[in-house]
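Taking it in order: structure first as structure tokens, then the write-up.
The values are calculated or read from the model by the stated rules, or taken from the named source; none is laboratory data. Computed from a prediction, not measured in an experiment: that's the story for all the values here. Glycine also receives a Cβ, built like all others from the backbone with ideal geometry; neighbour counts cover every protein chain displayed. Areas reflect the complete protein model, heavy atoms only, side chains present, ligands, DNA and RNA absent. Shrake-Rupley method; radii C 1.70, N 1.55, O 1.52, S 1.80 Å.
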Amino acid sequence: MISAPPKVAIIGLGHVGLPTALGFAELGFQVVGADDDPAKARQIAQGRMPFFEPGLDERLRRHLAQQRFTVADTVQEAMRSAEILFVCVGTPQREDGSADMAQIEAVARSIARSLNGYKLVVEKSTSPVRTAEQIKRTIRRYANGSDHPFDVAVNPEFLREGTAWTDFLHPDRIVLGVESERARALLLELFRPLIERLPADRVIVTDLNTAELIKHASNAFLAAKISFINLMADFCEASGADVALVARGMGLDPRIGPAFLRAGAGFGGYCLPKDLRALIRMGEERGLDVALLRAVEEINRRRVDRLVAKVEQAVWVLRGKTVAILGVAFKPGTDDIREAPALKVMERLLAAGARVQAYDPQALSNARALLPPDGDRVQYSDSAYEAARGAHVLVLLTEWPEFLDLDLDRLAAAMEVPILVDGRNLFDPAAARAAGFDYVGMGRP
């Protein structure tokens, strides 16, 4: 047992780092956060979330008030004040699909120059295999002869945007990659409140490389499930079958399970597309056959083509038509629009001469920044009903639960032509048709 609770520093306060910081604060640890974006750090220190994550704003204010969580003025200050340093910075995708490791390397160099005692450096950012080894090598290289000891460990994150708080406090598994007994003991003690809630086989303590690959393999497999059911949706359309029932029948098999078997417009967001491409790149660099992963990516890429073709078929000619878009975020529960299918669909529609009226409960400010309002061509609405007003077709692209509460009769009445292209198979086709819609789903007869 560790005699005194270690202080934890979280480097990088984004979609992974901030929920992690507040999660450890909730468990009773003293947590200091830091970010290389001073404006973001000040915003968080004032109790304002830099992104939408349900329920996290209240917890941020509470832990700041209780001083369980503080925000350091500089990254170096946070590093010097804590024993365990979680690296949660971004690993964005480069043009060739590989991960850009510049932020990770910069953090490793800062750690080397901030060593003032033993540090356990925990790689939580999703990174290619052997990144932990590079972090260790970089710290040694830039430590300027410091004899302060340190360890590097890996704790891949499995936090889903929109449910990050629940995912942290109620994980389905905990993976720890370590190479020393000291690191192992520290991490087991740190995660003990969560480990006590889990069956023993849900805690995996392994080597650094295996822990890194578990994360990439998990995301690639989830992407494969989505692409597979989308391919089955195409089979269903070609044969008159219903993909919703096909998915239900598949999901009842415990070896398959129902999760990620919802046909639609494809996957987006920061993690799945980026991690899939990074794994493809890693495989290519090692001379491996990654044809399966490339097929997963290609099927997903074609989903936008498929959906835009459905819209065009429904209205005949896109030029001059008004298209209402319901949902811009890549998934419900977040304001994140990175790699969102909706943005790609909107760009394609605009290129074809259509007008777009979009609504999303949380993501409109981000959408405006990326695709600004443009006279009659691009408009952002305050409600689904406003977006539908005068439209020739309505396209559902994010399955926000609140959309299920919409009055379909009112929605149809607001439109010039009541056509609904359900890109997420959210609505009941019979109910939509009863409201007067010409309903078009994904893989549904």
Among Arg286, Arg301, Arg262, the residue with the largest mean-square fluctuation in a Gaussian network model of the chain built from Cα contacts under 10 Å is Arg286
Expressed as a percent, the accessible surface of the chain that is carbon or sulfur, using a 1.4 Å probe and the full set of protein chains, is 51
As I understand it, the value is the acute angle between the Cα axis of helix 56-65 and the longest principal axis of the Cα atoms of the chain; what does it come to in degrees, rounded to 10?
30
How would Phe330, Phe168, Phe52 rank on accessible area, largest to smallest, probe 1.4 Å?
Phe52, Phe330, Phe168
Using only the alpha-carbon atoms, how far is helix 17-26 inclined from the longest principal axis of the chain? Give it as 0 to 90 degrees, nearest 10.
60
What ranking of Cys271, Cys236 comes out by heavy-atom accessible area, probe 1.4 Å, highest first?
Cys271, Cys236
Pop a pseudo-label 7 angstrom from the Cα along the beta-carbon direction at both Arg255 and Arg61 and give the gap in nm to one decimal.
5.2
What whole-number distance in Å separates the alpha-carbon centres of segment 262-279 and segment 282-303?
12
Counting Lys and Arg as +1 and Asp and Glu as -1, each charge on the Cβ, what is the dipole of the chain about the Cα centre in debye, to the nearest 20?
540
Looking at Val317, Gly283, Phe168, which one has the Cα that reaches farthest to the positive end of the dipole of the chain (charges on Cβ: Lys, Arg +1; Asp, Glu -1)?
Gly283
Nearest-10 value in Å² for the accessible area of Tyr385, using the 1.4 Å probe
40
Sorting Phe221, Phe24 by accessible area (1.4 Å probe), largest first, what list results?
Phe221, Phe24
For a quick check: with amide H placed at 1.01 Å from N, whose amide H comes under 5 Å from Gln93's, ignoring anything fewer than 5 positions away on the same chain?
Asp100
Quote the relative contact order of the chain in percent (integer), defining contacts as alpha-carbon pairs under 8 Å separated by 6+ residues.
12
Using the alpha-carbon centroid of each, what span in Å lies between segment 18-49 and segment 308-343?
34
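State to the nearest 20 debye the size of the charge dipole of segment 206-319 about its Cα centre, where the only charges are +1 on K and R beta carbons and -1 on D and E beta carbons.
300
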Taking only the alpha-carbon atoms of the chain, what semi-axes of the equivalent ellipsoid follow from 5 times the gyration tensor eigenvalues under a square root, in whole Å, largest first?
43, 24, 20
Lysines whose Cα lies under 19 Å from that of Lys124, excluding same-chain neighbours fewer than 8 positions away:
Lys7, Lys136, Lys215, Lys274
Segment 323-445 - charge dipole about Cα centre, Lys and Arg +1 at Cβ, Asp and Glu -1, debye rounded to 20:
360
